[in-house]
Amino acid sequence: MAESLQAIRGMNDILPHQSYLWQHVESGIRSVLEAYGYREIRVPIVEKTELFKRSIGEVTDIVEKEMYTFEDRNGDSLTLRPEGTAGCVRACIQHGLLNQVQRLWYAGPMFRHERPQKGRYRQFHQFGVEVFGLEGPDIDAELLMLCARLWRRLGLQQVSLQINSLGTAAARVDFRAALVEFLRAHRGRLDADSLRRLESNPLRVLDSKNPDIQALLADAPRLSDYIDDQSREHFQHLCDHLDAAGIDYSVNPRLVRGLDYYGRTVFEWVTDQLGAQGTVCAGGRYDALVEYLGGKATSAVGFALGLERLIALLEQQQTQLPSDTPHLYIVALGEHAQRASLGLAEQLREALPRLRILTHCGGGSFKSQFKKADRSGAPYALVLGDEEVARGEAGLKPLREHGEQHNVAFAALPQRLAELFNY
Ligand code: ATP
Ligand code: MG
């Protein structure tokens, strides 16, 4: 036998027993987005490498070491998208969508060559939301309310909101100088990653996941002491909106985003129930990006949530997850009965389109058919024999608990099943 091939490390198959939960989560997210008037944009998974270099920034983890970049047959450098904002902004500029307010969302796989571990994969899935053309804190608040509604809708608990303001780029210059001075003074306590960031992009030392570095940073200069008055006011109004909406949050003065294009509002929804990979959703304002990518200056704010982490959290918290086990498994013995069973199943699907009905295919004894019915997880079997069919009846038999088989006339079945399953 030929050696079987394996999937690429960090890239997961989503198997049939998992995909139903994914669909449940995805449709929950879509309906919340629709309720706020957001519309979907679909963009390619591959873009020119240049787009990500320019938008994410050369000295970020993503561009420095995580991108799947390759040359196509023309010799052009292309990259599998590591995130969705760049492509979304590119499409909006290209198609002239930015002359009015846009509330958009996208979903799909993203690719980053990271070290695979729980909650961190090389192909992972995001839902992303972007709003263009609104600069006030009201829209930032709307996005956070949308997130909060989403957690409620999915039944998620213990996801808490952290917010911060990065101020404007100009205001960050002085902060950067103060931070660099502080970090240089404590050089000996920095790890290799932070030393590298100190030279290339010092603000990102704040983003370090090393607890020793985080401890050191407790005494570092605070960005909030440096940001400009207008940003401070913007942030205060955001807090007022959140208070009015009853959304809990904490201000985390060390919260910065890994990507370069953020300014003013940044936020993360985090949980302590997923180990080290606790950020479920992250985003903020990136007013500079559109112009930077060749469009006219346009305010922008958005977030992306990681579906793998969201689903892992759901699985951890909820004992009763939605399931796609069939409601009914139809077994049939005898030539007439087998032929009748397919037709009967069709009639039932016509009458009760949301019931999941499996017909037994492939023949075999009642015993072997019941074994398959049992394995399907269906709570009921519908039993057809030639005699029953001649009388226009089928036997309804509970499979999960002891109980008698009752004969039900074909014509009465839809009603009976509707009662049984609270249809
Ligand atoms: P982290 O700090 O965990 O590396 P990030 O800042 O790189 O996250 P973003 O680029 O903001 O993450 O992506 C938004 C969300 O996408 C994250 O909060 C997370 O839920 C999810 N995500 C990011 N990278 C991965 C990955 N490699 N595997 C699974 N989910 C991911
Ligand atoms: Mg990352």
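Is one or more of the residues making up the stretch 302-309 at pLDDT 95 or above, more than 13 Å from the chain's Cα centre (by Cα) and surrounded by 21 or more Cβ atoms within 10 Å (Cβ to Cβ)?
The first filter runs over the stretch 302-309 and keeps only residues at pLDDT 95 or above, leaving 302-309.
Okay, now just the ones that are also more than 13 Å from the chain's Cα centre (by Cα), so 302.
Keeping just the survivors that are surrounded by 21 or more Cβ atoms within 10 Å (Cβ to Cβ) gives 302.
For the stretch 302-309, residues at pLDDT 95 or above, more than 13 Å from the chain's Cα centre (by Cα) and surrounded by 21 or more Cβ atoms within 10 Å (Cβ to Cβ): present.
Sort through Arg264, Arg257 and tell me the only one that's of a type in the set (Lys, Arg), in contact with a strand residue (DSSP E or B) (Cβ under 7 Å, 6 or more places away or on another chain) and farther than 10 Å from Pro137 by Cβ.
Values: Arg264 fails: farther than 10 Å from Pro137 by Cβ.
After applying the criteria, what remains is Arg257.
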Note down all Cβ pairs under 8 Å where the first residue falls in the stretch 107-121 and is near ligand 2 (Cβ under 10 Å from one of its atoms), the second is not in a loop (DSSP other than H, G, I, E, B), and they're at least six residues apart or on different chains. Arg112/Ile62; Arg112/Glu66; Arg112/Tyr68; Arg112/Phe124; Glu114/Glu66; Glu114/Arg120
Residues satisfying the stated conditions in the stretch 50-84, i.e. polar (S, T, N, Q) and either under 24 Å from the mean Cα position of the chain (by Cα) or within 16 Å of ligand 2 (Cβ to nearest atom) (or both): Ser55, Thr60, Thr69, Thr79
Just a yes or no: is a residue in the stretch 342-356 without any contact (Cβ under 8 Å) to a residue 60 or more places away in the chain, buried (at least 21 other Cβ atoms within 10 Å of the Cβ) and more than 35 Å from the chain's Cα centre (by Cα)? no
Criterion: under 27 Å from Leu154 (Cα atoms), more than 16 Å from ligand 1 (Cβ to nearest atom) and at pLDDT 95 or above - qualifying residue of Gly37, Gly84, Gly96, Gly75: Gly37
For the stretch 259-289: of the residues being under 19 Å from Val63 (Cα atoms) and hydrophobic (A, V, I, L, M, F, W, C), which is nearest to ligand 1 (Cβ to nearest atom)? Ala282
Name the residue, out of Thr325, Thr319, Thr298, that is assigned to a loop (DSSP other than H, G, I, E, B) and touching a helix residue (DSSP H, G or I) at 6+ places or on another chain (Cβ under 9 Å). Thr298
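Taking the criterion of being in contact with a Leu (Cβ under 9 Å, 6 or more places away or on another chain), of a type in the set (S, T, N, Q) and surrounded by 12 or more Cβ atoms within 10 Å (Cβ to Cβ), would at least one residue in the stretch 412-422 satisfy it? Please lay out each step first, then the result.
In the first step, residues of the stretch 412-422 are kept if they are in contact with a Leu (Cβ under 9 Å, 6 or more places away or on another chain); the result is 413-414, 416-418, 420-421.
From what's left, of a type in the set (S, T, N, Q): none.
Within the stretch 412-422, not a single residue is in contact with a Leu (Cβ under 9 Å, 6 or more places away or on another chain), of a type in the set (S, T, N, Q) and surrounded by 12 or more Cβ atoms within 10 Å (Cβ to Cβ).
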Just one of (1) away from ligand 2 (no atom under 16 Å from the Cβ); (2) part of a strand (DSSP E or B) trips up Val280, so point out which. (1)
Can you tell me which residues in the stretch 344-372 are under 21 Å from Ala412 (Cβ atoms) and either hydroxyl-bearing (Ser, Thr, Tyr) or modelled with pLDDT under 95 (or both)? Thr359
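Return the residues of the stretch 99-112 that are within 16 Å of Leu289 (Cβ to Cβ) and within 16 Å of ligand 1 (Cβ to nearest atom); say none if nothing qualifies.
Tyr106
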Among the residues of the stretch 73-96, write down those that are within 25 Å of Tyr36 (Cβ to Cβ), crowded, with 19+ Cβ neighbours inside 10 Å and not hydroxyl-bearing (Ser, Thr, Tyr). Arg81, Glu83, Gly84, Ala86, Gly87, Cys88, Val89, Arg90, Cys92
Tell me yes or no: at least one residue of the stretch 130-146 is within 16 Å of ligand 2 (Cβ to nearest atom) and at pLDDT 95 or above. no
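The values are calculated or read from the model by the stated rules, or taken from the named source; none is laboratory data. As the structure is a prediction and not an experimental result, all values here were calculated from the model. Counting neighbours? That spans all protein chains shown, and the Cβs are built from the backbone with ideal geometry, glycine included.
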